[in-house]
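A.B. asks: Here it is, the structure, as structure tokens.
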Amino acid sequence: MRRTQRLSVIALLAALSFILMLISQFPLIPGATFLKMDFSFIPIFFAAVLLDLRAGYLVLLLRSVLKILLDGSGVNDYIGLPMNIIGLGVLLLGLYWGMQAGKNWQWRSILKGGVIGTLGLTVTMVVLNVVYAMPLYARFANFDIAKTIGTKVYLTYMVLPFNLIEGALLTLVSGFILMGFKNVFIRLKRQM
């Protein structure tokens, strides 16, 4: 029964994450409307807190598979989605570590993990943009960022602030929901 319950929770959170990915996308940086944020991270974070880090990563992967299968938008998904998986995985690891493997439910530990995760997310995304996304977009989407925007401008004024803001927002929103329903989450965690 425990395994069935665990798989049911993972499937439910993955479906919720996929829905949030579809309905909550919005750009953060003016002039970079192709960099969109969504709140699909929240169920991923809850899976890690309620179950464990592996469950959080499984929800992240299932959400991404659903996105490709049910709402794939071509080259943008094939290039951007792997980056999203890696970036949110780094953010999740930072938060999970900051909360001492999901056991310390204090604002201080959530914020500590959020800062670590956000910085990790930002560094990871800058590196991935340089070595992965920019060359692939130039080759397969005829969008050479280095020529149209400029690498320095793109990284400094778009990628860097976008990821810092995204990490901070996802940390705060996830933290507020977790702390607002702390007693409910603690009860659920005991049942898992």
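A.B. asks: Pick from 122, 33, 148: which residue has the top mean-square fluctuation in a GNM of the chain where Cα pairs under 10 Å get a spring?
C.D. replies: Maximum among the listed residues: 148.
A.B. asks: If each residue's Cβ is checked for other Cβ atoms within 10 Å, how do 179, 37 rank with the fewest at the top?
C.D. replies: On the way: 179 13, 37 19.
Taking fewest neighbouring Cβ atoms as first place, the list is 179, 37.
A.B. asks: Under 8 Å for C-alpha pairs, at least 6 residues apart: give me the relative contact order for the chain, rounded to a whole percent.
C.D. replies: About 22 percent, as a whole number.
A.B. asks: Starting with the fewest neighbours, write out 73, 109 ranked by other beta-carbon atoms found within 10 Å of each beta-carbon.
C.D. replies: In increasing order of surrounding Cβ atoms, one gets 73, 109.
A.B. asks: Which of the lysines could a cross-linker bridge to residue 103, judged by Cα under 24 Å and excluding same-chain residues fewer than eight apart?
C.D. replies: Once the sequence-local lysines are set aside, what remains near residue 103 is 112, 182, 189.
A.B. asks: Here is a further query. If you average 1/r over all unlike Cα pairs in segment 52-130 and invert the result, what Kirkwood radius do you get in angstrom?
C.D. replies: One over the average 1/r among Cα pairs gives 13.3 Å for segment 52-130.
A.B. asks: Quick one: check the C-alpha center-to-center distance for segment 31-102 versus segment 112-161, whole angstrom.
C.D. replies: Rounded to whole Å, the Cα centres lie 17 Å apart.
A.B. asks: Still on this structure, please answer the following. Hey, in the GNM for the chain with a 10 angstrom Cα cutoff, which one of 85, 177, 116 fluctuates hardest?
C.D. replies: 177
A.B. asks: Using R₀ = 35 Å, calculate the FRET efficiency as 1/(1 + (r/R₀)^6) where r is the Cβ-Cβ separation of residue 108 and residue 132; round to 0.05.
C.D. replies: The formula returns an efficiency of 0.50 here.
A.B. asks: Between the DSSP loop rule and a limit of at most 16 other Cβ atoms within 10 Å, which chymotrypsin sites (Phe, Trp or Tyr not before Pro) in segment 1-100 are left? Don't skip to the answer; put the middle values down first.
C.D. replies: Details: sites: 18, 34, 39, 41, 45, 46, 57, 78, 96, 97; in loops: 34, 39.
The qualifying sites are 34.
A.B. asks: Taking 0.36 nm per residue of sequence separation and subtracting the Cα-Cα distance, how much length would be gained by fully extending the chain between residue 139 and residue 192, in nm to one decimal?
C.D. replies: 14.4 nm
A.B. asks: While we're here: Label residue 71 and residue 12 with points 7 Å out from Cα along Cα→Cβ: what is the distance between them in nm?
C.D. replies: The answer from the label model is 2.1 nm.
A.B. asks: If you don't mind, another one. Give me 7, 160 sorted ascending by neighbouring Cβ count inside 10 Å, so fewest comes first.
C.D. replies: By the 10 Å Cβ count, ascending: 7, 160.
Values quoted throughout were computed directly from the atomic coordinates according to the rules given, and no laboratory measurement underlies them. From a predicted model like this one, the values you see are computed outputs, not experimental measurements. All Cβ positions, glycine included, derive from the backbone under ideal geometry; neighbour counts span all protein chains shown.
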